[in-house]
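Contents: one structure, followed by commentary.
The values are calculated or read from the model by the stated rules, or taken from the named source; none is laboratory data. Just so it is clear, the model here is predicted, and its values are computed rather than measured. Reconstructed Cβ throughout: ideal geometry from the backbone, glycine too, with neighbour counts over all protein chains shown.
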Amino acid sequence: MSSTVKQINMTKKIKKVIYEQPIWLFIVLCVIGFSFSSEYFFDLNNFKNILVQTSTIGLIALGLTLVMINGNIDLSVGAIVALSACLAVDLQADYGMFMAIIIGLVSGVILGALNGLIVWKTGVDAFIVTLGAMIGIRGLVFVYTEEQSFFANDFAFSDMGSSSLAGIPALALILIGFAIIVHFILAYTIHGRNTYAVGGNRQASIDAGIRVGPNMVINFAICGFLAALAGVTLSSQMGAATPNLGRDFELWAITAVVLGGTKLTGGVGSIIGTFGGVIAIGILRNGMNLLQVPSFYVLVIMGVILITVLFFDRQVNLRLEKEVG
């Protein structure tokens, strides 16, 4: 009898996970499909490569998850990637590697916090504010670099991007480490609970005494920091930085966040889901690469998947609204 009850409980848990995080079911299906299609896919080194290849988008997506659960969006993250990368590489000659990296990271925090402050104080939609920031920061990058690429003179900086610890690439460890940290912030802190509350119902949060403005500014600042970190890690992997770095990264990151179950309207989402969305994109791109499928087909497939996810999400919301009504 007890074993039957355990089986029923386990079945319920599996159904709950699939319902709340369907992206992981999609990942399992992709892994199975590509494993049969390519003999090279189901290999430990290949999975390490997937983590490294998705580390940049993954770090950006972690920050965007906080902002989007808050009911906002940040389109400037790709431009912040470029600026922080260029600062981290170019300033090494004058200030040393460590200080140059710090300056690059601080630039992301400042710009992210500035985005949040403008959204809070002006009441202008975050889409418009961060769209303007994206254009302005990208222009600033081109002015700063004079449309030239920068190359790292310190070999330790380039080695950082290709290093490993216990056989696991450093970039993969950075992604996993920050995923755990941001998950903890969202799931186990007052700030995380307030983030969900603000995204779910901003007016009710104000009435409940939550400091909505500072909460949003902090999340934008964290998002800016993680975008800057992505720029630093990407430039260390390349050993260089270009003014065009990070173009369209915001679109890939937003796609990963939405695929992971975060609602564009705010109030719902998780880091576990976002991480799944990042891995799903990485597996899909990697698997189709191994099958020698032209890269633009990946864009078509991701677009179809994203629209399908949003469609079904909308249908579920409509059904829930009818049930409540």
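Some notes on this structure:
- Under the condition of being in contact (Cβ under 8 Å) with a residue 24 or more places away in the chain and assigned to a helix (DSSP H, G or I), the residues counted in region 26-44 number 7.
- Among the residues making up region 97-129, those that are surrounded by fewer than 24 Cβ atoms within 10 Å (Cβ to Cβ) and under 21 Å from residue 243 (Cα atoms) are 97, 99, 100, 102, 103, 105, 106, 107, 109, 110.
- Among residues of region 195-252, those that are closer than 14 Å to residue 70 by Cβ, surrounded by fewer than 24 Cβ atoms within 10 Å (Cβ to Cβ) and touching a Phe, Trp or Tyr at 6+ places or on another chain (Cβ under 7 Å), counted: 2
- In region 177-190, residue farthest from residue 239 (Cα to Cα) [restricted to those that are surrounded by 15 or more Cβ atoms within 10 Å (Cβ to Cβ) and of a type outside the set (Val, Ile, Thr)]: 186
- Looking across 174, 168, 137, one residue alone is among the aliphatic types (A, V, I, L, M), buried (at least 17 other Cβ atoms within 10 Å of the Cβ), touching a residue at least 12 places away in the same chain (Cβ under 8 Å) and under 30 Å from residue 49 (Cα atoms). It is 174.
- Applying the condition of being over 19 Å from residue 25 (Cβ atoms), among the hydrophobic types (A, V, I, L, M, F, W, C) and under 22 Å from the mean Cα position of the chain (by Cα) to region 289-322 and asking which residue is modelled with the highest pLDDT yields 300.
- Condition met for residue 157 (under 30 Å from residue 45 (Cβ atoms) and modelled with pLDDT under 95): yes
- The number of residues in region 32-82 being surrounded by fewer than 24 Cβ atoms within 10 Å (Cβ to Cβ) and farther than 17 Å from residue 260 by Cα comes to 22.
- Verdict on residue 218 being touching a helix residue (DSSP H, G or I) at 6+ places or on another chain (Cβ under 8 Å), farther than 10 Å from residue 109 by Cα and in contact (Cβ under 8 Å) with a residue 12 or more places away in the chain: no
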